[in-house]
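Notes follow once the structure below has been shown.
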Amino acid sequence: MLPRMKDTDTRDIVILGGGPAGAAAAASAAARGLDVLLIDKARFPRDKLCGGLFTGRALTEYRHIFRRAPPEGLFEERRAISFHMGARPMGRMDDVPPMFLTMRRDLDAHLLGLAQEAGAELLTGQRVAAIDLAGECLTLEDGRTIRFRVLIGADGVTSAVARALFGRPFDPATIGFALEKEMPPVSDPETARTVRVDFGAADWGYGWSFPKRRSTTVGVGGLQARNPDMKARLHGYAALLDQGEAAGMKGHFLPFGDYRRRPGRGCVLLAGDAAGFVDPITGEGIAHALGSGRLAAEAAARALREGRPEGAAALYRAATRQIRLSLRIAALLRPIVFSDRMAPIFSRSFAGSRRVKGAYMRMLAGELDYPALLWLVARRLPVAAWRSWRMERVGSMGRSTGPRPPA
């Protein structure tokens, strides 16, 4: 049922997008007593392309935002992971920090329900026809106008809010792209309990196989500019796994490290994929979506409380400093993981070091941050590898940045 609204309606905060970032922002803002309206063009539950890996870092954010444990049955816990580089195994780990698998259809509907329970008003199945940033209002497809004091764009990688702010939602030269297919559940018990990650399944990217109760989510993703043959990549990966055919695959853009240094302007903020807050190595975005949604709501609430909604973006930028720092350091590490020059060195180092793999998993769990992981990797790389890494950085960025090799 649609909310009853006048032809012109004014809200403290309007949020576009009902994914994890939007739901987190809505719940956090409503819990602070603000008048919140969340709009999404879809009706929920709806399907969403995503591997559905919910990390320990994401679980920490969930508990912080919603003040409860997730309901039984929403997540499937996994404690085993295997790493591969092409056909070469790079090591398996059992009893790693818990990872959780879910379906976005279930997760997003659940999170929206929590946002509504917190007091946010939902308007789903309704498209936005126009956004007027100067007039601080937007127009719905049915002609109604909604005014906002703060606008939060949580509307994904093709964000209309980002387009209104910056002229385009992302840079096509640096955007990632992923293809995915829900395949039959696996029957082998060992495979069924193991998350699998394949570095090199796509150029400057990776493949994944996430076995769940009702299906196995299989996909490949990487930089779009380097993978004109992404369909062939997924077909090849599916054949390697022998878990089903890749026919019927679906694709979506992935802001693979192309994050916004200034994720907003004035009283307009960007959260989650709309801000490019996706890890450029792991592709994981749900934790940053939840975290940035919460931080956007907190910044908006403070700006409104101080009577300066136009100051929300500055507060939000300061609040997201740690997220942006982690993404920047991950971008420094990315050539070590994905470049052709470094791949043999990375493969040997990663496969031969349980400590590095353990640090990678602790990072996903939220127990370790990227600065510590960068230092650990730096200490293990030989000088020759550092020289190759610096050449890769010069080639990709036009300048050499990052830490020096250890003495």
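The values are calculated or read from the model by the stated rules, or taken from the named source; none is laboratory data. Since we're looking at a predicted model, the values are computed, not measured. Heads up, the Cβs are rebuilt from the backbone with ideal geometry, glycines too, and the neighbour counts pull from every protein chain shown.
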Restricted to the range 43-70 and to residues being among the β-branched types (Val, Ile, Thr) and not in a loop (DSSP other than H, G, I, E, B), the residue modelled with the lowest pLDDT is THR60
Residues satisfying the stated conditions in the range 348-358, i.e. over 14 Å from LEU333 (Cα atoms) and part of a helix (DSSP H, G or I)
ARG348, ALA351, ARG354, ARG355, LYS357, GLY358
Can you tell me which of ALA109, ALA134, ALA173, ALA87 is out of contact with any Asp or Glu (no Cβ under 6 Å at 6 or more places or on another chain) and closer than 20 Å to ALA24 by Cβ?
ALA109
Restricting attention to the range 51-97, and to residues there that are buried (at least 18 other Cβ atoms within 10 Å of the Cβ), more than 23 Å from ARG348 (Cα to Cα) and among the hydroxyl-bearing types (Ser, Thr, Tyr), which single residue is nearest to the chain's Cα centre (by Cα)?
THR55
Here's a check for you: in the range 249-267, which residue that is touching a helix residue (DSSP H, G or I) at 6+ places or on another chain (Cβ under 6 Å) and part of a strand (DSSP E or B) is farthest from ALA225 (Cα to Cα)?
ARG265
So how many residues does the range 182-241 have that are touching a Gly at 6+ places or on another chain (Cβ under 7 Å), surrounded by fewer than 20 Cβ atoms within 10 Å (Cβ to Cβ) and closer than 20 Å to SER339 by Cβ?
1
Criterion (over 28 Å from LEU151 (Cβ atoms) and either modelled with pLDDT of 95 or more or assigned to a helix (DSSP H, G or I) (or both)) met by exactly one of LEU325, LEU333:
LEU333
Restricting the search to the range 125-139, which residues are touching a residue at least 24 places away in the same chain (Cβ under 8 Å), surrounded by fewer than 18 Cβ atoms within 10 Å (Cβ to Cβ) and within 15 Å of THR10 (Cα to Cα)?
LEU133
Condition check: free of Cβ contacts under 8 Å to residues at least 40 places away in the same chain, among the polar types (S, T, N, Q) and not assigned by TED's automatic domain parsing to the domain that holds ARG147. Does SER349 satisfy that?
yes
Among the listed residues ARG265, ARG321, ARG294, ARG308, identify the single one that is touching a residue at least 24 places away in the same chain (Cβ under 8 Å) and farther than 14 Å from SER28 by Cβ.
ARG265
Take the range 167-194 and flag every residue that is β-branched (Val, Ile, Thr) and either over 16 Å from VAL218 (Cα atoms) or not in a helix (DSSP H, G or I) (or both).
THR174, ILE175, VAL186, THR194
Subset of the range 315-357 that is of a type in the set (D, E, K, R) and in contact with a helix residue (DSSP H, G or I) (Cβ under 8 Å, 6 or more places away or on another chain) - its residue that is surrounded by the most Cβ atoms within 10 Å (Cβ to Cβ):
LYS357
GLY18 among the small types (Gly, Ala, Ser) and surrounded by fewer than 21 Cβ atoms within 10 Å (Cβ to Cβ):
no
